[in-house]
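Worksheet: one structure, shown below.
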Amino acid sequence: MMKKKMAWMLCAFLVAGLAGCGDNNNGSSTVENPGDSSVNETGSPAENNSAEADGSGSGTAGTEEAKDYSDTEFRIAWWGGDARNTQTVEIIENFEKKYPNLKIDVEYATYGDYFTNLTTQATAGNLPDVYMMDYSRINEFVDAGQMEQLDSYIEAGSINLSDVDDSLVAGGIVNGGMYAIATGTNAPCGFYDATVLEELDISLSQVPTWSEFSDVITQVYEKTGKRAFINPNTGNLQSYMRSVGKDTYAADGAGYGFAPEDMVEYLTYIYDLYESGAAVSSAEYEGEEGASLRDGNDIWLKQNGAEFSNQLMAEEDGAGKRLTLVAHPSAENSVVSGTYLKPVMLWGISSTSLNKEIAADFINYFVNEPSVYDVCGADRGIPISAAMRDHLVKSMSESEAHVLEFISYLSDGVATAISPAAPTGSAEADTYLNELMEQLQYKQLKKEQLLDAVTTAVEEGAAVLKQAAAGE
């Protein structure tokens, strides 16, 4: 891998591409049966642009042509909504053409259901050959021996990362070994209708402070009656803790990295916004959350703590209009930013796969094949390959250009290093925190009850983390 300065790369890419931005034309097409368990070899052949990808794209090797793969069982799994599922199936159809008679079984679900299914498959020893991994869960699967280490495939060139900056693949490294490759880069964010602020002559910084964020939300509500859609959860909690120089988990993973009083400060902030009427949670909002920003719903800003910049296009589809990105807030007078750049939806290989070479080739294809980005655009974030970023800019939409501009701004010394991946046991431990924050959403807690409730939840969650760290 070649080291480069991330900010310089993104800025240069942005300057080169913004002049050509227009309507979204990422080449995706509808698959007739995206939910079918098998993928048919239909549609036009994938254009071989491997020369554009420095020889690492979809060129078919002679040994591949000589073998019949009709008896090969191969599975790929990921999470996503309808648009991503359709895109990924089309990409897989094109990849299949490299391997005569290979039929790939696809499995996908929404994020929550996906990891429920994946955990069940892992327990049964039946993981897909290639499966998508989230940064927050990678330690859990690596520690259980369920992910193949990829260093040998990278060294052999089976997965070509020659034009990928080291910082963009660091999220797949666990205990010094590479176990997964990100599909792109994004950042946690909120989405809002900028025309609301323009009409009121109010500004909102791209990375506001916590006080600026609440002041703007309050001003908009007082002047228009429009509210912000905000959910307290571990995503927003992490941003708050990072902004005050702490983190969600202790460095050794055996507990939390904050005191109960720190969490009370964050929840009090949210509590006050709810009490004023300026913000609403999913517990109170009666409409479809994906369309909450649509005109007529009286919601002008959405930040649920689990959304990232690559989701802008989907949010705009739901809202029926252009939206603007805003980073999670930072603390006042602090040199520490709560925001960070995150590896997007990492591809990993099952340690028990019988087809690891094909699996490695699929990951390489996703990193280096131009036709992949003709189909999916920036849905999975800004591509990690410099060549693929150069390719994407040719058909970039205005929304994708806004995502790139946002990531470029954050990468230029604004975002701080991403926190270590969540430790083993965090999914169970965090249920105590999430249940508490859900009570806040439903207004089942009074402000004076917060400290006792938070102390209990933190102690219970920390006990789970301590037990997991001890291997019990």
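The values are calculated or read from the model by the stated rules, or taken from the named source; none is laboratory data. The shown structure was predicted, so the numbers you read here are calculated from the model rather than taken from an experiment. With ideal geometry, Cβ positions are generated from the backbone for all residues, glycine too; neighbour counts draw on all protein chains shown.
In the set (1) crowded, with 22+ Cβ neighbours inside 10 Å; (2) in the same structural domain as Gln149 (by TED's automatic domain parsing), the condition left unmet by Val403 is number (2). Screening Val174 against (1) crowded, with 21+ Cβ neighbours inside 10 Å; (2) touching a helix residue (DSSP H, G or I) at 6+ places or on another chain (Cβ under 6 Å) leaves a single unmet condition, (1). How about the stretch 295-314: which of its residues are in a loop (DSSP other than H, G, I, E, B) and farther than 21 Å from Asp379 by Cα? Once the filter is applied, which keeps residues that are in a loop (DSSP other than H, G, I, E, B) and farther than 21 Å from Asp379 by Cα, the stretch 295-314 yields Asp295, Gly296, Asn297, Asp298. Annotation note: of Lys356, Lys342, Lys302, the sole residue that is at pLDDT 95 or above and within 20 Å of the chain's Cα centre (by Cα) is Lys302. If you go through the stretch 223-246 and keep only what is outside any loop (DSSP other than H, G, I, E, B), under 24 Å from Leu197 (Cα atoms) and not hydroxyl-bearing (Ser, Thr, Tyr), you end up with Lys223, Arg227, Ala228, Phe229, Ile230, Asn236.
With the requirement that a residue be assigned to a helix (DSSP H, G or I) and either of a type in the set (D, E, K, R) or surrounded by fewer than 20 Cβ atoms within 10 Å (Cβ to Cβ) (or both), what does the stretch 406-431 give you?
Step one: list which residues in the stretch 406-431 are assigned to a helix (DSSP H, G or I), which gives 406-411, 426-431.
Result: Ala427, Glu428, Asp430, Thr431.
Taking the conditions exactly as written (in a loop (DSSP other than H, G, I, E, B), touching a strand residue (DSSP E or B) at 6+ places or on another chain (Cβ under 8 Å), of a type outside the set (A, V, I, L, M, F, W, C) and farther than 19 Å from Leu204 by Cα), does Tyr274 satisfy them or not? Here the answer is no, as Tyr274 does not meet what is asked.
Taking the stretch 91-120 as the range and being part of a helix (DSSP H, G or I), over 22 Å from the mean Cα position of the chain (by Cα) and touching a residue at least 12 places away in the same chain (Cβ under 8 Å) as the test, the residues that pass are Glu93, Asn94, Phe95, Glu96.
For (1) in contact with a Ser or Thr (Cβ under 7 Å, 6 or more places away or on another chain); (2) closer than 22 Å to Ile202 by Cβ; (3) touching a residue at least 40 places away in the same chain (Cβ under 8 Å); (4) among the hydroxyl-bearing types (Ser, Thr, Tyr), each residue gets a yes or a no:
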residue	(1), (2), (3), (4)
Ser282	no, no, yes, yes
Glu288	no, no, no, no
Asn310	no, no, yes, no
Gly318	no, no, no, no
Pro329	yes, yes, yes, no
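Condition first: in a loop (DSSP other than H, G, I, E, B), touching a strand residue (DSSP E or B) at 6+ places or on another chain (Cβ under 7 Å) and over 26 Å from Tyr442 (Cα atoms). Can you find one or more residues in the stretch 255-263 that meet it? Yes, some residue in the stretch 255-263 is in a loop (DSSP other than H, G, I, E, B), touching a strand residue (DSSP E or B) at 6+ places or on another chain (Cβ under 7 Å) and over 26 Å from Tyr442 (Cα atoms).
Criterion first (surrounded by fewer than 22 Cβ atoms within 10 Å (Cβ to Cβ) and either among the aromatic types (Phe, Trp, Tyr) or modelled with pLDDT of 95 or more (or both)) does Ser282 satisfy it? So Ser282 fails the test.
If you go through the stretch 158-182 and keep only what is assigned to a loop (DSSP other than H, G, I, E, B) and either free of Cβ contacts under 8 Å to residues at least 40 places away in the same chain or in the same structural domain as Asp272 (by TED's automatic domain parsing) (or both), you end up with Asn175, Gly176. For the stretch 183-197, what are the residues that are in a helix (DSSP H, G or I) and among the β-branched types (Val, Ile, Thr)? Matches in the stretch 183-197: Thr195, Val196. So is Asp129 under 17 Å from Glu357 (Cα atoms), crowded, with 22+ Cβ neighbours inside 10 Å, assigned by TED's automatic domain parsing to the domain that holds Gly177 and touching a residue at least 24 places away in the same chain (Cβ under 8 Å) or not? Yes.
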